[in-house]
There are 2 protein chains.
Amino acid sequence: MPDPHLEALLSCLRFPSVSTDPDHRADVRACASWLVGQLSDGGFQATLHETPGHPVIIAKGPFQPGRPRVVIYGHYDVQPADPIELWTKTPDPFSPVIIDEVIYARGATDNKGQLMAHLRGALALLAAERDLPVNLTFLFEGEEEVGSPSLAPFLHQHRDELACDVIAVSDTGMVAPGLGTLTYGLRGIAAIELTVHGPAQDLHSGVWGGTVRNPASALSHLLASLHQPDGSIAVEGFYEGVTPLASWEREAWAKLPGGDADTLALTGSSELFGEPGYSALERRWARPTAEINGLTSGFQGKGSKTIIPAKASAKLTFRLVPGQDPDHIQQLVINHFQRYLPSGLSLELHAGHTGSPYQLDPHGPFGKAAQLALADTFSQPPALIREGGSIPIVQSFREILGVDTLLLGLALPDCNIHAPDENFPVANFNAGIQLHANLLRRIAQV
Amino acid sequence: MPDPHLEALLSCLRFPSVSTDPDHRADVRACASWLVGQLSDGGFQATLHETPGHPVIIAKGPFQPGRPRVVIYGHYDVQPADPIELWTKTPDPFSPVIIDEVIYARGATDNKGQLMAHLRGALALLAAERDLPVNLTFLFEGEEEVGSPSLAPFLHQHRDELACDVIAVSDTGMVAPGLGTLTYGLRGIAAIELTVHGPAQDLHSGVWGGTVRNPASALSHLLASLHQPDGSIAVEGFYEGVTPLASWEREAWAKLPGGDADTLALTGSSELFGEPGYSALERRWARPTAEINGLTSGFQGKGSKTIIPAKASAKLTFRLVPGQDPDHIQQLVINHFQRYLPSGLSLELHAGHTGSPYQLDPHGPFGKAAQLALADTFSQPPALIREGGSIPIVQSFREILGVDTLLLGLALPDCNIHAPDENFPVANFNAGIQLHANLLRRIAQV
C-alpha cells in the first residue's frame, strides 16, 4: 500500500523550484500553490502571499488562547541541479527515485524532505486529534537559496500574524544516523562577485601577447592573495572581533562522530587543509572561510582559442562566525581587491547577498524542550553542535520577531545537499514526522 | 555592377568553417568543396584530399618545364565566432556585411580574404593570358586554427606533388595601410590545458568550507606563479637559449608605426605591461609569452551557488621565439605546475598543439623577389618585420619540403582577427589580387 506521507513528498520533489534561475519562476510558484492546497485540504488556513520575488506561505492551525505560539519555518525552493550529468541515481533530479529506502532528488533533504516531514506530521496529528497541542503557524518561503531577499520585509509587514514564542526549523544536520541533533550556532555569509576588465575586447594572443596585462592572470593573482600559505585568510582585519571557541565546545566536539576522518571520506579528499590549529569540525562550524564558487574567462569550449580574454570573473562566498559583520567583511574584501589590483586594469565588484552568523542558548526553556523532543524521537540524548551553513533568516527572526529559533535538522553528512545525488533516507523523513509531534507536545509543557 | 571577386569572397565567408568545433565538421567540408569548384571552374586541376581531420585541397595551374615552381598556401578554416553578442556590425559573423568599404565577417582577414585574393588573382591572370608566369600550385587546408595536425603527414605523403622552389603565404600583417610588409620571422606556440581536481564532487561551501583545498584557489595559485611581478616568465629554464634581438632589428623597428602608442589604442588598454627592457613591438615579435586563454570552474550561471567546485581548469598558450623548442617548453611548464601543485589535489595536464618559431633570410633571391612585388603593388619599399602570431606549418614546409616561405600579409592591426568584428578592407583584398600577379612575375624573373 503506498505511504501517503511519502507520496506527498515525491510530488513536492517533482517541482523544479530553482529560485536563482528566472526560467524556473513559474515552477517555484507552482510548488507554492501545491503546498497551499496540501495545507488547506488538511485543515489549515493557508494563504499564498505575493512578494517582489517568490511567494511566501502562511498557514495556521486551530487557535486556542493561552497556548504557546510556535512558528515552523521551511523553504520550498532548491539549488540548481547542474551539473546534471553527474547525477548517477536518477537521470532527472526532479524525477525522484527511491533506492534501498533512500530518496534521490534535488531538494530531497534541502529542504523539501524536512519541510514535508513537519507538514505531514501536523496534518496527521490534526486528522487524528482534531486539534494540535500548540497554536501552530507554518511559514514557507521560496527564496532561501538566494539569500531570502523578500523575507525580512515580509516579516516586518506580517509581524502581528507571525507573533510567536519560538520558531522551529529543520534545515540543518544530524551528526550521525539516529543521533538527534540540536544546532545552536550557524555561520553567516557574504557573497562577492568580481570581474577584472582589461583590453576593450578579446585579443589575438599571438599578435598582442606580451604587451598588456591578461585579466585572467590578474584575477588569478587577486584570488591567490586571499589566503596565506598556511590556509588562513589574508584579508586585512578579517579575523578582528571573531568570538573564540569555548573550551567546553572543543571538548564536546572532539568526542563527536563526523570529525577529520569522516570529512576526508565524505568529501572524497586525500588531505585536509585549512586554518592551522583547528580540527575539521571546528573549521566547519566555528571558523570563517573564503571560498571560490566559480571562475569564468575567455574560451571554454572544446579545442583551443588563442586569445587574451577581455575580462575574467569569479564568484566568491565568505562564511562568517559570531563577532563578524557581513557588510563590514564585504567592505574589507572589496578594499583588499582594490589594493591588490595590478595597474592597467579595472575592477567591477558586486556585493552579493549577506547573512549574519547566529548563536542561541541551548539551555533555555525552549532549548530544553527541543532536547527532550529529540531524545523522545531518537531514544538517546541529542548532540549539541554548531553548523557551517548559513540560514540568514534565523537572524531576521531574532531581530524582527524577537524570538529564538530551534534548529532540529534531519540531514545526514552524506545527503549531498547542493550537490549531485542529493538524497534523504525514508527513515529520516519518518523520524521527522514523529519529531514534529514530540516537539509540539514538549513545547506545550514549557 | 557587382564585383565578381568580391562576390566570390562573400560566398566563401558564408561557410561557418570553424575547425575546432565538431558540430561544424560538415560546414568545414562544404567550404572545401566550394573552393574546389571555384578552382576547377577557373581552369585549375583541383583535388579534395581526405585526411583524418578536415580536407586538404591541392590545385595546379598550367605546367611548363623549367619555370620556378611556386606553392601558395592558405587556410579556409576559421576561429569560433563567440562571443557572438559582442559583434556590432553584423548580428551573424557568417553573414558578411560591407560598411564603408570594409568587409565584416569571421574569417574576413584570417584567412579567407587573403586566400581568396590569391585565388581570384590567379583565376583572373589565367582568364586573361591563358597561362601563368610560374608553375603554380595552391595548397589549402582546413585545420590551421587547431594547429594543422593533418598537414605534416599530408606533406610527407604528397612531397612529390608539392615539390617546389618557394612557398608564399598571406596570413600575416601589414604594419600600416598601404605599406607592403615582408615578415621574416614568426613566433612558435605550445598549448597546455590543466585541470586541478580536488574533492570527489562539488561540495556545499557552508557545510565543508574551510576543511579542504578549493581547486579554484589552487588553480589561481598555479597561474599566478607563471609570471614574476615584473612581467617576465617564472618557469625555470624558460628563457634558456632564446636568440637575442639583433641591433639592426631594434633600430629598424623603433622607426616603424604600430609601436607603443598604437598598441595601447588598438588593444583598448590603459597601460602596457610585459617583460621589462623591451618595446611593445619587440615584445610582440621577438620575445616569448605565457597567456591564459580561458578559465572554467564551478558555477557560472546567474545568481550564486555556494559550492566548493570539484575541479578548476585553464587553457594556456605560450608564444615562442627562435632558440626555444615547443616540446621542451611544454615539459618545463608541466614540471613547473607539478612542482607548485599544493598537496591534497591532483593535476591533469594535456600538452596541446605546438609549432616551432620561424626565421628566414629576407635578402635571399626569393626574399628580394617578394620585396620587389610588394614595392610594385604598394609603390614604396616594404617594411621588414617579424610577427607575433604562429603559423606552425611554415616550419613544416622547411623541414618536409625543404623550402622557405615568403610571408606577404595583408592584415591591418585593426582587422580584429580571432575577435569580434573581424574585418578586411576591400582595398586590401584588391591589393592582394594585384600582389598575386606581381609576385608570380617577380619570381619568374629570379
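Distance between the C-alpha centres of the range B:191-260 and the range B:268-324: 6 Å, rounded to the whole angstrom. Taking label points 7 Å from Cα along the Cα-to-Cβ direction, A:ALA265 and B:ILE99 give a separation of 6.3 nm. Within the full protein context, the accessible area of A:TRP285 is estimated at about 10 Å² for a probe radius of 1.4 Å.
Taking amide hydrogens as placed 1.01 Å from N in the peptide plane, the amide H of A:HIS353 sits under 5 Å from those of A:ALA191, each at least 5 positions away in sequence or on another chain. Residues whose amide H falls under 5 Å from that of B:ALA168, counting only those 5 or more places apart or on a different chain, are B:VAL71, B:ILE72, B:TYR73, B:LEU406, with hydrogens built in the peptide plane. Under the simplified labelling scheme, the A:ALA427-A:GLN300 pair shows an inter-label distance of 4.0 nm, with each label point 7 Å from Cα along Cα→Cβ. Taking Cβ atoms as reference points and 14 Å as the exclusive limit, the residues near B:HIS221 contribute a net charge of +1, counting Lys and Arg as +1 and Asp and Glu as -1. Using a 7 Å projection from Cα along Cα-to-Cβ, the label point at B:GLU240 is separated from the same position in the remaining copies by 4.9 nm, smallest value first. If you average the sequence gap of Cα pairs under 8 Å that are 6 or more apart and divide by the length of chain B, what percent do you get for the contact order? Relative contact order for chain B comes out at 26 percent. DSSP beta bridges fully contained in chain B are about 70 percent antiparallel.
Applied to the range B:436-446, the Karplus parametrisation 6.51 cos²θ - 1.76 cosθ + 1.60 on θ = phi - 60° returns per-residue 3J(HN,Hα) values of 4, 4, 5, 5, 4, 5, 5, 5, 4, 8, 5 Hz, with x for Gly and Pro. The relative contact order of the range A:337-446 comes to 32 percent, based on Cα pairs under 8 Å that sit 6 or more residues apart.
Shielding value for A:181-194 is 1, the average number of Cβ atoms from other chains within 10 Å of each residue's Cβ. Shape class of the range B:350-438 from the alpha-carbon gyration tensor: oblate, with a/c at 1.5 or above and b/c at least as large as a/b. Build a GNM of chain B with springs between Cα atoms under 10 Å apart, and of B:THR306, B:THR267, B:THR172 the one that fluctuates most is B:THR306. Computed with a 1.4 Å probe over protein heavy atoms only, the accessible area of A:GLU7 comes to about 90 Å². Comparing B:GLU387, B:GLU249, B:GLU141 in a Gaussian network model of chain B, where Cα atoms under 10 Å apart are tied by springs, the biggest mean-square fluctuation is seen for B:GLU249.
The shape of chain A comes out prolate: with a ≥ b ≥ c from the C-alpha gyration tensor, a/c is at least 1.5 and a/b beats b/c. Please figure out what share of the DSSP beta bridges in the protein assembly as shown is antiparallel and state it in percent, rounded to the nearest 5. Of those bridges, close to 70 percent are antiparallel.
Put simply, when A:347-353, B:327-333 are sorted by average Cβ atoms within 10 angstrom per residue, most first, you get B:327-333, A:347-353. When the label point is put 7 Å from the Cα of A:HIS156 along its Cα-to-beta-carbon vector, which residues of the range A:386-429 have a backbone N closer than 14 Å? Within reach of a label on A:HIS156, which here means backbone N under 14 Å from a point 7 Å along Cα→Cβ, the range A:386-429 contributes A:396-397, A:399-401.
Report, to two decimal places, the Cα Rg of the range B:223-279 normalised by 2.2 N^0.38 Å (N = number of residues). Rounded to two decimals, the normalised Rg is 1.36. When only alpha carbons are used to place a centre, the range B:328-403 and the range B:1-59 end up 26 Å from one another.
Rolling a 1.4 angstrom probe over the protein heavy atoms with all chains in place gives chain B an accessible area of 35 Å² per residue.
Peptide B:412-425 is shielded by partner chain Cβ atoms: per residue, an average of 3 of them sit within 10 Å of its Cβ.
Mean partner shielding of peptide A:79-87, defined as the number of other chain Cβ atoms within 10 Å of each residue Cβ, is 3. For the peptides A:50-57, B:219-226, the ranking by mean Cβ contacts within 10 Å, running from highest to lowest, is B:219-226, A:50-57. Each residue of the range A:55-70 is assigned a 3J(HN,Hα), and the resulting list reads x, 10, 10, 10, 9, 10, x, x, 10, 9, x, x, 7, x, 9, 10 Hz, derived from the Karplus form 6.51 cos²θ - 1.76 cosθ + 1.60 (θ = phi - 60°), x at Gly and Pro. Ordering B:HIS49, B:HIS418, B:HIS197 by accessible surface, largest first, gives B:HIS197, B:HIS49, B:HIS418; the 1.4 Å probe counts only protein heavy atoms, with every chain in place. Between A:THR243 and A:HIS197, the FRET efficiency from the beta-carbon distance, with R0 = 45 Å, is close to 0.70. In order along the range A:377-387, phi translates into HN-Hα couplings of 6, 10, 6, 7, x, x, 7, 10, 9, 10, 9 Hz, rounded to whole numbers, per the Karplus curve 6.51 cos²θ - 1.76 cosθ + 1.60 with θ = phi - 60° and x for Gly and Pro. Using a/c under 1.5 as the rounded threshold, could you call the protein assembly as shown rounded, prolate or oblate? The axes a ≥ b ≥ c are square roots of the C-alpha gyration tensor eigenvalues, and prolate needs a/b larger than b/c, oblate otherwise. Cα axes put the protein assembly as shown in the prolate bin.
If you run the Gaussian network model on chain A, springs between alpha carbon atoms under 10 Å, then out of A:ASN423, A:ASN111, A:ASN214 the most flexible one is A:ASN214. If R0 is taken as 25 Å, the Cβ-Cβ distance between A:ASP23 and B:ARG25 corresponds to a FRET efficiency of 0.25. Per-residue SASA remark: A:ARG386, around 10 Å² accessible (1.4 Å probe; ligands, DNA and RNA not included).
Amide H to amide H distances under 5 Å link B:GLY42 with no residue, where only residues 5 or more positions off or on other chains count and H is placed in the peptide plane.
The values are calculated or read from the model by the stated rules, or taken from the named source; none is laboratory data. This structure is a prediction, so every number in the text was calculated from the model and none was measured. Cβ: placed from backbone, ideal geometry, glycine included. Neighbour counts: every protein chain shown. Side chains are part of the model used for accessible areas, which takes the heavy atoms of the whole protein and leaves out ligands, DNA and RNA. Shrake-Rupley method; radii C 1.70, N 1.55, O 1.52, S 1.80 Å.
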